[in-house]
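Take this structure first; my questions come after.
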Amino acid sequence: MDLTLVRHATLVVDIEGTRFLVDPMLSESGANPPVENTPNQQRNPLVDLPDVPLDHDAVVVTHRHPDHWNDWQEAIDTDTPLFCNPAEADAFIEEGFEDVRPVEESQSFEDITIRRTPARHGHGELAEAMAPVCGFVFEGDETLYLAGDTVWYPPIPETIDTSEPDAVVLNAGAAQFLEGEPITMDETDVDRVRQHVDAETPVLAVHMESINHCLLTRDELREAVDNVMIPADGETVELRSV
């Protein structure tokens, strides 16, 4: 089970030879305006897109915020199977996708079962405004849990306990507006996940240093939490329990 961090939350996940392109945000650096009402008003993305293979058998989208779904046209054919939250299926169909597969509970593709999992993109009323979002569990010979844009709340440990993943991927970065709490995992949330799973289970943190409202850096997370994998953009890692 190999995973390439392309940039931010864009991943290429290879499970048993089936390749999933996750949350493709493929814009050139500086092509998009900054997220408003945030301390840092640089244009997005903050960094270049690495030159890594994006070939895939299917696409998986946790939600359609522009830092997860943007400038995909040159990399994705509209007849590609696309798995998504049912609440957003119509939007993909309107964009011309011919094989949209909303995941109510689970869907099968090749030899992989894809299960939709709950996520909460912030706290209180802000989380409601940021919805709909979700995560996904990929089940084959091994199991991968992609938590999506979420903070720590009861369904996260419940999903871990139910799915017993062989590896967990967290969207960190502590994305934040000028008011309110972070809307993605900060170092405390990442540490809660790290403490909840078995010590041998890889926990990988992405979603950092690419979008202007993600304020937690890789170095800060390394300093705060032990035993977390924090890949560089363009890096491929092998996810195996040891």
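The values are calculated or read from the model by the stated rules, or taken from the named source; none is laboratory data. Predicted, not measured: the structure shown is a model, and the values here were computed from it. Don't worry about glycine lacking a Cβ; one is built from the backbone with ideal geometry, like all the others, and counts go over all protein chains shown. Accessible surface is based on the protein model in full, side chains and every heavy atom, while ligands, DNA and RNA are left aside. Shrake-Rupley method; radii C 1.70, N 1.55, O 1.52, S 1.80 Å.
Give the residue that is farthest from S210 (Cα to Cα), with candidates limited to residues of region 1-36 that are in a strand (DSSP E or B) and either touching a Cys at 6+ places or on another chain (Cβ under 9 Å) or of a type in the set (K, R) (or both). First the steps, then the outcome.
Applying the first criterion (in a strand (DSSP E or B)) to region 1-36 yields 2-7, 10-15, 18-22, 25, 32.
Checking the rest, the ones that are also either touching a Cys at 6+ places or on another chain (Cβ under 9 Å) or of a type in the set (K, R) (or both) come to 7, 19.
On the way: R7: 7, R19: 23 Å.
Out of the qualifying residues, it is R19.
A further question on this structure: Taking region 56-83, which residues are outside any loop (DSSP other than H, G, I, E, B), within 20 Å of F138 (Cβ to Cβ) and touching a Leu at 6+ places or on another chain (Cβ under 8 Å)?
Step one: filter region 56-83 for residues outside any loop (DSSP other than H, G, I, E, B), giving 58-61, 70, 82-83.
Cutting the leftovers down to within 20 Å of F138 (Cβ to Cβ) gives us 58-61, 82-83.
Scanning region 56-83 gives A58, V59, V60, V61.
Residues to consider are E235, E220; find the one that is without any contact (Cβ under 8 Å) to a residue 40 or more places away in the chain and either among the charged types (D, E, K, R) or on the phi > 0 side of the Ramachandran plot (or both).
That would be E220, the only listed residue that is without any contact (Cβ under 8 Å) to a residue 40 or more places away in the chain and either among the charged types (D, E, K, R) or on the phi > 0 side of the Ramachandran plot (or both).
If you scan region 67-84, which residues turn out to be polar (S, T, N, Q), farther than 17 Å from T18 by Cα and in contact with a strand residue (DSSP E or B) (Cβ under 7 Å, 6 or more places away or on another chain)?
Across region 67-84, the qualifying residue is only N70.
Considering region 20-53 alone, what residues qualify as being in contact with an Asp or Glu (Cβ under 8 Å, 6 or more places away or on another chain) and acidic (D, E)?
Answer for region 20-53, where residues must be in contact with an Asp or Glu (Cβ under 8 Å, 6 or more places away or on another chain) and acidic (D, E): E28, D48.
Here are some residues: Y145, Y153. Which one is in contact with a strand residue (DSSP E or B) (Cβ under 9 Å, 6 or more places away or on another chain) and not aliphatic (A, V, I, L, M)?
Every option except Y145 fails the conditions.
Kindly check whether there is at least one residue in region 122-142 that is on the phi > 0 side of the Ramachandran plot and open to solvent by 30 Å² or more (accessible area, probe 1.4 Å).
Filtering region 122-142 down to residues on the phi > 0 side of the Ramachandran plot leaves 122, 124.
Now restrict to residues that are open to solvent by 30 Å² or more (accessible area, probe 1.4 Å): 124.
Taking every residue of region 122-142 in turn, at least one turns out to be on the phi > 0 side of the Ramachandran plot and open to solvent by 30 Å² or more (accessible area, probe 1.4 Å).
Could you list, in sequence order, all residues of region 59-106 that are touching a residue at least 12 places away in the same chain (Cβ under 8 Å), open to solvent by 20 Å² or more (accessible area, probe 1.4 Å), polar (S, T, N, Q) and out of contact with any Pro (no Cβ under 9 Å at 6 or more places or on another chain)?
Of everything in region 59-106, just one residue is touching a residue at least 12 places away in the same chain (Cβ under 8 Å), open to solvent by 20 Å² or more (accessible area, probe 1.4 Å), polar (S, T, N, Q) and out of contact with any Pro (no Cβ under 9 Å at 6 or more places or on another chain), namely T78.
Now for a separate question. What is the residue count in region 170-187 for residues that are open to solvent by less than 20 Å² (accessible area, probe 1.4 Å), among the small types (G, A, S) and closer than 17 Å to G124 by Cβ?
Count: 2.
Since T143 meets every condition but one in (1) without any contact (Cβ under 8 Å) to a residue 40 or more places away in the chain; (2) in contact with a Leu (Cβ under 9 Å, 6 or more places away or on another chain); (3) polar (S, T, N, Q); (4) under 23 Å from T18 (Cβ atoms), which condition does it not meet?
So T143 meets the others, but not (2).
Condition first: in contact with a helix residue (DSSP H, G or I) (Cβ under 8 Å, 6 or more places away or on another chain) and in a helix (DSSP H, G or I). Now tell me which residues in region 193-224 satisfy that.
Of everything in region 193-224, those that are in contact with a helix residue (DSSP H, G or I) (Cβ under 8 Å, 6 or more places away or on another chain) and in a helix (DSSP H, G or I) turn out to be V193, H196, E220, L221, A224.
P53 - would you say it is open to solvent by 30 Å² or more (accessible area, probe 1.4 Å), in contact (Cβ under 8 Å) with a residue 24 or more places away in the chain, in a loop (DSSP other than H, G, I, E, B) and under 23 Å from L170 (Cβ atoms)? Quick ask: steps written out before the conclusion?
Values: open to solvent by 30 Å² or more (accessible area, probe 1.4 Å): yes; in contact (Cβ under 8 Å) with a residue 24 or more places away in the chain: yes; in a loop (DSSP other than H, G, I, E, B): yes; under 23 Å from L170 (Cβ atoms): no.
Here the answer is no, as P53 does not meet what is asked.
Would you confirm, using the coordinates I've provided, whether E238 is open to solvent by 50 Å² or more (accessible area, probe 1.4 Å), among the charged types (D, E, K, R) and closer than 29 Å to D55 by Cα? Spell out how you get there, then give the answer.
Values: open to solvent by 50 Å² or more (accessible area, probe 1.4 Å): yes; among the charged types (D, E, K, R): yes; closer than 29 Å to D55 by Cα: yes.
Answer is yes for this residue.
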